[in-house]
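Taking it in order: structure first as structure tokens, then the write-up.
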Amino acid sequence: APDVVKYVVPQLSEVATMEEEAVRLKATHLLADLFESGQRVEHDYPALVTAFKGRLNDVSVEVRRAAVVRCVALVQKSALLSDQLLPDLTQRLFDGEDKVRATTIKAVCGACTLRVEPFAELLKDIGGRIFDRRPAVRSAARAGVC
């Protein structure tokens, strides 16, 4: 990673946990962009992976939804990130908010059109969402699995 990253890392981890939702949302996208940069940031700066994983459990529904979408893309691209992010991504299928569950299902099923391997176990859990109490989640699961 560029030398400037080592000076930004501590601040970026803090920014990802600030009170303002808009700031946490931007930090989520910035972290994902860094991981997608091809600079092995996830290997060199594990604290950033921890900060990103925290966004999957954010208090804000919108931050969690954005983190889920970006997480799915990262899992497809990096075996290291896949191992670290899949357990937290799986938990979003059981999120208390139906919008997060539906977003997770749509993102994973959409990604499976390109490559199934990293999401094989997750697809089993998505199948169970066909019986979700919320119609939007049931519908997303049916559309994705069938």
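Highest first, please rank the peptides 51-60, 15-24, 97-106 by the mean number of other Cβ atoms sitting within 10 Å of their residues. Walk me through the numbers on the way to the answer.
Working: 51-60: 19.3, 15-24: 14.6, 97-106: 22.1.
Going by the mean number of other Cβ atoms within 10 Å, highest first, we get 97-106, 51-60, 15-24.
Between ALA79 and THR17, take the C-beta separation as r, use R0 = 30 Å, and let me know the FRET efficiency to the nearest 0.05. Don't skip to the end; give the middle numbers.
Details: r = 27 Å, r/R0 = 0.90.
Approximately 0.65, to the nearest 0.05.
Can you spot the lysines whose alpha carbon is less than 17 Å from LYS26's alpha carbon? Ignore those fewer than 8 places along the same chain.
Counting by Cα, and skipping residues close in sequence, LYS26 has these lysines nearby: LYS53.
Show that you can apply the helix-only estimate: for the chain, add -39,500 (n - 2.57) for every DSSP H stretch of four or more residues, divide by all residues, and state [θ] at 222 nm to the nearest 500. All intermediate terms of the calculation are to be shown ahead of the outcome.
Details: 9 runs with 107 residues, N = 146.
Helix-only estimate at 222 nm: -22500 deg cm²/dmol.
Can you return the lysines within cross-link range of LYS124? Criterion is Cα-Cα under 20 Å, with same-chain partners fewer than 8 residues away left out.
Those lysines meeting the cut-off are LYS99, LYS106.
I want to verify a result. In a Gaussian network model of the chain, Cα cutoff 10 Å, which of these has the top mean-square fluctuation: SER78, SER13, SER37?
Of SER78, SER13, SER37, the Gaussian network model singles out SER37 as fluctuating most.
Here are several values of log10 I(q)/I(0) by the Debye sum over Cα atoms at q = 0.14, 0.16, 0.18, 0.20 Å⁻¹: [x] -0.64, -0.85, -1.08, -1.31; [y] -0.84, -0.91, -0.99, -1.09; [z] -0.63, -0.80, -0.98, -1.15. Which one was derived from the coordinates shown?
Step by step, log10 I(q)/I(0) by the Debye sum over Cα atoms at q = 0.14, 0.16, 0.18, 0.20 Å⁻¹ for this structure corresponds to label [z].
log10 I(q)/I(0), Debye, Cα-only segment 10-73, no solvent, q = 0.15, 0.29 Å⁻¹?
-0.37, -1.35
Values quoted throughout were computed directly from the atomic coordinates according to the rules given, and no laboratory measurement underlies them. Just so you know, these numbers come straight off a predicted model, no measurement behind them. Every residue, glycine as well, gets a Cβ built from its backbone with ideal geometry; the counts of neighbours run over all protein chains shown.
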